[in-house]
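Everything below concerns the one structure shown next.
The values are calculated or read from the model by the stated rules, or taken from the named source; none is laboratory data. Fair warning: this is a prediction, and the values are worked out from it, not measured in the lab. Ideal geometry is used to build each Cβ from the backbone, glycine not excepted, and the neighbour counts take in all protein chains shown. With ligands, DNA and RNA removed, areas are computed over all heavy atoms of the protein, side chains included. Shrake-Rupley method; radii C 1.70, N 1.55, O 1.52, S 1.80 Å.
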Amino acid sequence: MNSASCAAKISTQPFSLNPTSLTSHDNPLVFPKPTSLFLGSTRKLRLSSSSKLNLHRRSGTVVAVSDVVKQKKSKSTPSLLITKEEGLELYEDMILGRAFEDMCAQMYYRGKMFGFVHLYNGQEAVSTGFIKLLKQQDSVVSTYRDHVHALSKGVPARAVMSELFGKTTGCCRGQGGSMHMFSREHNLLGGFAFIGEGIPVATGAAFTSKYKREILKEADCDHVTLAFFGDGTCNNGQFFECLNMAALWKLPIVFVVENNLWAIGMSHLRATSDPQIYKKGPAFGMPGIHVDGMDVLKVREVAKEAIGRARRGEGPTLVECETYRFRGHSLADPDELRDPAEKAYYAARDPITALKKYLIENSLASEADLKAIDKKIDEVVEDAVDFADESPVPSRSQLLENVFADPKGFGIGPDGRYRCEDPKFTEGTAHV
Amino acid sequence: MAAIFQGVGAAAALSSSPSNSFDSKKFVFSPCRSFSVRKGASFAVVRSDGRVNLNPKGRRAQQLISNAVATKSDNAAASSSSKPGHELLLFEALQEGLEEEMERDPRVCVMGEDVGHYGGSYKVTKGLAKKFGDLRVLDTPIAENSFTGMGIGAAMTGLRPVVEGMNMGFLLLAFNQISNNCGMLHYTSGGQFTIPIVIRGPGGVGRQLGAEHSQRLESYFQSIPGIQMVACSTPYNAKGLMKAAIRSENPVIFFEHVLLYNLKERIPDEDYICNLEEAEMVRPGEHVTILTYSRMRYHVMQAAKTLVNKGYDPEVIDIRSLKPFDLYTIGNSVKKTHRVLIVEECMRTGGIGASLIAAITENFNDYLDAPIMCLSSQDVPTPYAGTLEEVTVVQPAQIVTAVEQLCQ
């Protein structure tokens, strides 16, 4: 089925939200705002008539996961997707992400953090849905919108907040900042300011995992790497080059597209010839999946399958999460281009509200349980701010310490000694 | 010094003739070398006149290793007994270094275009895929930016990759990864991740390869904080620097030259490395310091013959470490001769020579009797026509003229 006929199908659907915030009229092929019906339409787009979730075929079946979820739910004895413990864990993680980002906004406007700060409000389901399934040794590679990925991966809120304040106790000693969160302990490989830059790094981490298993004979090494990036990145060469290499060598990686439809002020539909990103997976020989990124349970189901595939050595997966950021691109973005109707539509699909509803309706948790978590997280975030406030700023001596892993790289000075042997070197006053 | 030189002055010219094959015996100037047996820790400096300089100021001494490159007189004496070491070409020396490091450490791997089955466009990785397998010697698709980034990601997570750019010029496509990730990630991660990667490839002006295949990227990369750059010029230092680069925890960009791959030299059998941060004394002298690297070393040595016949005594230093500069060796030389000539293949604007002039002027201005002269390639895209290409790079005649001018 070609795109044109699909567009026709979609446009005849009764409910569609047009992204009429587009003021440019040179793009006639405007896809209506993907709704829950879009996922249904996806089923009609599928080439195979089978409705089974089949991710094992090398040609890569494109599947809407909500179908799977619906099927599960339609069994006679409704089985729940999560246990109470899992539910509370997911809730807590999403609340942490939301509360932390809200606090970042406050702190930014109070002059405690500077530069470009990109907040994740609204997209928590993707981070929580994927990262909570990982082990500590699995790796996560992110973009500049990385605070919540760091928190989900286990980096303490204190370390992230300190890093944002530029203090030495930050996870990167204050040297990275908002867009460069790294944690060796938790295998968070960044934090990258240029889009697409992290995808090859993630591919490399997946390569190491395969190398460890096959060359270094660490037979049980099944570490998986997740690469998070946005819709804008999917038009970048590094994305395509890495899809090719990952599929070619069957690397244990999952490419997670956080499609929030906007790259600063550039609508995804204005920038992309074929906006359905998940279709690009099969072109490279891996499954491409589209999932509702505002629903943490759906994301988690897809993530389980994709991560499982990678762990079993079956290769990469491309997952497109339809999501939305409630705030502007960054705290400096006035966010004037997006249609208020579009924003309202997604605000109504707030992932935290949805999970809360699910937990309560299925008697997995009570209001009191959830309120307790809210309170706990508030305290964690407050504590993080206090900690960051009280932490020291980096002294001059820190300036040159991490330029080289081996500081002999600064070379030999005129006196014959290595520059790093100069006592003034650590003071940061030595000339290099 | 001059006496020693003339004694072995029968060495033939190392000209930029069509033949690419050189005989190592021509390198008979008893170069003063620094050796390190362990990774960069210590060495002894053997000077050309036989004096051994232990404990050069500030460095820890180690055992003495005799001059590995046989001088002509040594050859004559030892012709009856088995000569030490083995003879090979520069690309074989690189391969040997790579192979030994891959045997020594299973985390060392190679990635690049045609490095595996094809054996490398200049045969540096020949035979390695058969020996170590297709994953350790990885044939990549043509995606420099991404596979360099992949190498960086692999380095961050515990491997020690050697990334080959089929031609150094192709690494321009990987500039994003080299500048942003290779150089920066150790710093922006607060020291958490090391990137022990080696990025290597052939560069420089070849024989009518055209503008895009004749690029010198030293100048483009030199500003990137966090990386080291070295340029090899002999089989001996090629192998030594390759091993040192692989063992280094820092990211190293390793410049080879297309026209030097067939140089022949006798190198030691035993394990050795060359210090990444040090320059190499090629020919000690008194009148003028000539600083050079890579292929221009040979043009300089050819000019040196002419100069010696004219009565000059040039001191030739192969700086080897393009970033950082070895200001100790260079400084000592400047303090001795008071005149500096830089001969490089880099472009004039913003090249290695430009940085070197700045560094020397800043540190040793008082010792200079004349302004520093720098001979670089012309600021033109390398023309295809042979006659034009010849005048794009510095030729020995120009070097002779420059020295004469400098020493007036």
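Filter region B:124-165 down to the residues that are of a type in the set (Val, Ile, Thr) and open to solvent by less than 10 Å² (accessible area, probe 1.4 Å) and list them by number. Break it down into steps so the answer makes sense when it comes.
Let us first name the residues in region B:124-165 that are of a type in the set (Val, Ile, Thr), namely B:124-125, B:137, B:140, B:142, B:148, B:152, B:157, B:162-163.
The answer is B:124, B:125, B:137, B:148, B:152, B:162, B:163.
Regarding residue A:404, is this residue within 14 Å of another protein chain (Cβ to nearest Cβ) and among the aromatic types (Phe, Trp, Tyr)?
On the way: within 14 Å of another protein chain (Cβ to nearest Cβ): yes; among the aromatic types (Phe, Trp, Tyr): yes.
Judged against the criteria, residue A:404 is a match.
Report every pair of residues separated by at least 6 positions or lying on different chains whose Cβ atoms are under 6 Å apart, first residue within region B:344-364 and within 14 Å of another protein chain (Cβ to nearest Cβ), second small (Gly, Ala, Ser).
Hits for this filter: B:364/B:331.
If I ask for residues that are farther than 20 Å from residue A:418 by Cβ and either open to solvent by less than 10 Å² (accessible area, probe 1.4 Å) or among the acidic types (Asp, Glu) (or both), which ones from region B:319-345 would you list?
Within region B:319-345, B:337, B:340, B:341, B:342, B:343, B:344, B:345 qualify.
Working carefully through the options B:225, B:284, find the one that is touching a residue at least 12 places away in the same chain (Cβ under 8 Å) and under 23 Å from residue B:181 (Cα atoms).
Working: B:284 fails: under 23 Å from residue B:181 (Cα atoms).
Every option except B:225 fails the conditions.
Taking the conditions exactly as written (in contact (Cβ under 8 Å) with a residue 12 or more places away in the chain, crowded, with 24+ Cβ neighbours inside 10 Å and in a loop (DSSP other than H, G, I, E, B)), does residue B:253 satisfy them or not?
Working: in contact (Cβ under 8 Å) with a residue 12 or more places away in the chain: yes; crowded, with 24+ Cβ neighbours inside 10 Å: yes; in a loop (DSSP other than H, G, I, E, B): no.
Criteria not met by residue B:253.
Among the residues of region B:399-408, which ones are polar (S, T, N, Q) and assigned to a helix (DSSP H, G or I)? If you could, list the steps in order and put the result at the bottom.
Of all residues in region B:399-408, those polar (S, T, N, Q) come to B:401, B:405, B:408.
Residues satisfying the conditions are B:401, B:405.
Can you name the condition, by its number, that residue A:361 falls short on among (1) of a type in the set (Asp, Glu); (2) touching a helix residue (DSSP H, G or I) at 6+ places or on another chain (Cβ under 8 Å); (3) under 20 Å from residue A:125 (Cβ atoms)?
(2)
With A:327, A:309 as the choices, which residue is under 25 Å from residue A:226 (Cα atoms) and open to solvent by 70 Å² or more (accessible area, probe 1.4 Å)?
Step by step, each of A:327, A:309 is checked, and only A:327 is under 25 Å from residue A:226 (Cα atoms) and open to solvent by 70 Å² or more (accessible area, probe 1.4 Å).
I'd like the full set of residues that are facing chain B (nearest Cβ under 8 Å) and either open to solvent by 10 Å² or more (accessible area, probe 1.4 Å) or not in a helix (DSSP H, G or I) (or both), limited to region A:195-211.
Within region A:195-211, A:197, A:210 meet the criteria.
Kindly check whether there is at least one residue in region A:233-242 that is under 17 Å from the mean Cα position of the chain (by Cα) and either over 27 Å from residue A:129 (Cβ atoms) or in contact (Cβ under 8 Å) with a residue 60 or more places away in the chain (or both).
Yes, region A:233-242 contains at least one residue that is under 17 Å from the mean Cα position of the chain (by Cα) and either over 27 Å from residue A:129 (Cβ atoms) or in contact (Cβ under 8 Å) with a residue 60 or more places away in the chain (or both).
For region B:351-407, give me each residue that is within 14 Å of residue B:295 (Cβ to Cβ) and either open to solvent by less than 70 Å² (accessible area, probe 1.4 Å) or basic (Lys, Arg) (or both).
Initially, region B:351-407 is screened for residues within 14 Å of residue B:295 (Cβ to Cβ), giving B:352, B:375-377, B:382, B:389-390, B:392-396, B:399.
Within region B:351-407, B:352, B:375, B:376, B:377, B:382, B:389, B:392, B:393, B:394, B:395, B:396, B:399 meet the criteria.
Between residues in region A:265-287 that are in the same structural domain as residue A:246 (by the TED database) and under 26 Å from residue A:331 (Cβ atoms) and residues that are of a type in the set (S, T, N, Q) and buried (at least 20 other Cβ atoms within 10 Å of the Cβ), which pairs lie under 9 Å by C-beta distance while being six or more apart or on different chains?
Note: pairs meeting the criteria are A:268/A:259; A:268/A:260.
Among the residues of region B:129-147, are any more than 13 Å from chain A (Cβ to nearest Cβ) and touching a residue at least 40 places away in the same chain (Cβ under 8 Å)?
For region B:129-147, residues more than 13 Å from chain A (Cβ to nearest Cβ) and touching a residue at least 40 places away in the same chain (Cβ under 8 Å): absent.
Only strands (runs of 3 or more DSSP E) wholly contained in region B:107-217 count here; list those with 2 or more residues that are out of contact with any Phe, Trp or Tyr (no Cβ under 9 Å at 6 or more places or on another chain).
Details: elements: B:108-112, B:137-139, B:160-164, B:198-203.
By residue number, B:160-164.
Is it the case that residue A:262 is within 11 Å of another protein chain (Cβ to nearest Cβ) and either surrounded by fewer than 24 Cβ atoms within 10 Å (Cβ to Cβ) or over 20 Å from residue B:182 (Cα atoms) (or both)? Talk me through it step by step, then tell me what you get.
Numbers: within 11 Å of another protein chain (Cβ to nearest Cβ): no; either surrounded by fewer than 24 Cβ atoms within 10 Å (Cβ to Cβ) or over 20 Å from residue B:182 (Cα atoms) (or both): yes.
No; evaluated as a whole, the condition is false for this residue.
Residues that are within 14 Å of chain B (Cβ to nearest Cβ) and either open to solvent by 30 Å² or more (accessible area, probe 1.4 Å) or more than 22 Å from residue A:321 (Cα to Cα) (or both): list the helices (runs of 4 or more DSSP H) wholly contained in region A:106-194 that include at least 1 such residues.
So the answer is A:157-165.
Across region A:212-232, which residue is nearest to the other protein chains (Cβ to nearest Cβ) among those that are assigned to a loop (DSSP other than H, G, I, E, B) and open to solvent by less than 10 Å² (accessible area, probe 1.4 Å)? I'd like the intermediate steps shown before the answer.
Our first condition is that a residue be assigned to a loop (DSSP other than H, G, I, E, B); within region A:212-232, this holds for A:215-224, A:231.
Retained after the next criterion (residues that are open to solvent by less than 10 Å² (accessible area, probe 1.4 Å)): A:221, A:224, A:231.
On the way: A:221: 11, A:224: 12, A:231: 19 Å.
Looking at residues that are assigned to a loop (DSSP other than H, G, I, E, B) and open to solvent by less than 10 Å² (accessible area, probe 1.4 Å), I get A:221.
For (1) at pLDDT 95 or above; (2) more than 30 Å from residue A:107 (Cβ to Cβ); (3) over 18 Å from the mean Cα position of the chain (by Cα), each residue gets a yes or a no:
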position	(1), (2), (3)
A:300	yes, yes, no
A:304	yes, yes, no
A:309	yes, yes, yes
A:325	yes, no, no
A:328	no, no, no
A:331	no, no, yes
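Do the conditions hold for residue B:91, that is, is it hydrophobic (A, V, I, L, M, F, W, C), outside any loop (DSSP other than H, G, I, E, B) and either modelled with pLDDT under 95 or open to solvent by 10 Å² or more (accessible area, probe 1.4 Å) (or both)? First the steps, then the outcome.
Values: hydrophobic (A, V, I, L, M, F, W, C): yes; outside any loop (DSSP other than H, G, I, E, B): yes; either modelled with pLDDT under 95 or open to solvent by 10 Å² or more (accessible area, probe 1.4 Å) (or both): yes.
Here the answer is yes, as residue B:91 does meet what is asked.
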